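Engineer: Structure incoming, see below.
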Amino acid sequence: MKITDDVVRDLAALMEAGEASEDSRALVEEYTRAHPEFARERQAAAAPLPAPRPPLDHEMQNLRRTKEMVRLKSWLFGLALALTLAPLSLAFRSGEITFLLFRDAPGAAVGLWSTAAAGWVAYYVIARRVRASGL
């Protein structure tokens with residue numbers, strides 16, 4: 001049986017994938033030494049191709065999305081901070097210091113802190129996404 005370039009190409013592909021036996025590997029190496037034009041062809045095929053560059057529109061779209069996420073992160077920080085501190089507002093009356101919402105509307109204070117907790121979670125999620133995007 002005559003060994004052709006196609007047979008050796010098939011074996012070379014198996015060899016590069018690490019699935020060829022020692023006999024097949026030896027056959028490919030021997031054939032490559034005996035046929036220099038085949039060796040050049042294999043070297044050209046093995047050369048890595050440059051990675052395709054994404055289009056500029058894609059980069060601009062990613063930049064806009066990242067800017068929006070940073071803006072959202074800033075808003076979430078401010079909102080979560082305000083909602084966290086609102087129940088802690090103080091009143092000074094006749095030498096007495098009291099927390100206004102805890103005294104007058106404890107349910108509202110708990111509601112504000114619950115909403116603040118959700119805001120902090122959203123802030124954390126957005127901050128991780130921004131960090132993952134490279135900023």
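The values are calculated or read from the model by the stated rules, or taken from the named source; none is laboratory data. It should be emphasised that the depicted structure is a prediction, and the values quoted were computed from it without experimental measurement. Using ideal geometry, Cβ is built from the backbone for each residue, glycine included, and neighbour counts are taken over all protein chains shown.
Engineer: When the residues of the stretch 62-102 are filtered to those that are more than 13 Å from Gly119 (Cα to Cα) and small (Gly, Ala, Ser), which remaining residue is modelled with the lowest pLDDT?
Structural biologist: Ranking the qualifying residues of the stretch 62-102, first place goes to Ala91.
Engineer: Gly78: surrounded by fewer than 11 Cβ atoms within 10 Å (Cβ to Cβ) and either of a type in the set (S, T, N, Q) or free of Cβ contacts under 8 Å to residues at least 60 places away in the same chain (or both), yes or no?
Structural biologist: Spelling it out, it is not the case that Gly78 is surrounded by fewer than 11 Cβ atoms within 10 Å (Cβ to Cβ) and either of a type in the set (S, T, N, Q) or free of Cβ contacts under 8 Å to residues at least 60 places away in the same chain (or both).
Engineer: Please tell me if Glu59 is under 30 Å from Ala116 (Cβ atoms), in a helix (DSSP H, G or I) and of a type outside the set (Lys, Arg).
Structural biologist: Against the criterion (under 30 Å from Ala116 (Cβ atoms), in a helix (DSSP H, G or I) and of a type outside the set (Lys, Arg)), Glu59 does not qualify.
Engineer: Return yes when Arg65 is within 41 Å of the chain's Cα centre (by Cα), surrounded by 10 or more Cβ atoms within 10 Å (Cβ to Cβ) and within 30 Å of Ser133 (Cα to Cα) and no when it is not.
Structural biologist: Here the answer is yes, as Arg65 does meet what is asked.
Engineer: What are the pairs with Cβ atoms under 6 angstrom where one residue, in the stretch 110-135, is within 15 Å of Leu81 (Cα to Cα) and without any contact (Cβ under 8 Å) to a residue 60 or more places away in the chain and the other, located anywhere, is hydroxyl-bearing (Ser, Thr, Tyr) and surrounded by 16 or more Cβ atoms within 10 Å (Cβ to Cβ)? Sequence gap at least six, or different chains.
Structural biologist: Ala116/Thr84
Engineer: Being loosely packed, with under 15 Cβ neighbours inside 10 Å and of a type in the set (Phe, Trp, Tyr) is the filter; apply it to the stretch 86-113 and report the residue that is farthest from the chain's Cα centre (by Cα).
Structural biologist: Here the residue is Phe92.
Engineer: Sticking with this one: Within the stretch 1-45, restricting attention to residues that are of a type in the set (Ser, Thr, Tyr) and in a helix (DSSP H, G or I), which residue is surrounded by the most Cβ atoms within 10 Å (Cβ to Cβ)?
Structural biologist: The qualifying residue surrounded by the most Cβ atoms within 10 Å (Cβ to Cβ) is Tyr31.
Engineer: Okay, moving on. Look through Ala116, Ala127, Ala122 and report the one residue that is surrounded by 12 or more Cβ atoms within 10 Å (Cβ to Cβ) and under 16 Å from the mean Cα position of the chain (by Cα).
Structural biologist: Testing whether each residue is surrounded by 12 or more Cβ atoms within 10 Å (Cβ to Cβ) and under 16 Å from the mean Cα position of the chain (by Cα) leaves just Ala127.
Engineer: Turning to a different aspect of this structure: Only one of (1) within 30 Å of Val130 (Cβ to Cβ); (2) of a type in the set (Gly, Ala, Ser); (3) not assigned by TED's automatic domain parsing to the domain that holds Arg128 is not met by Ala82, so which one is it?
Structural biologist: (3)
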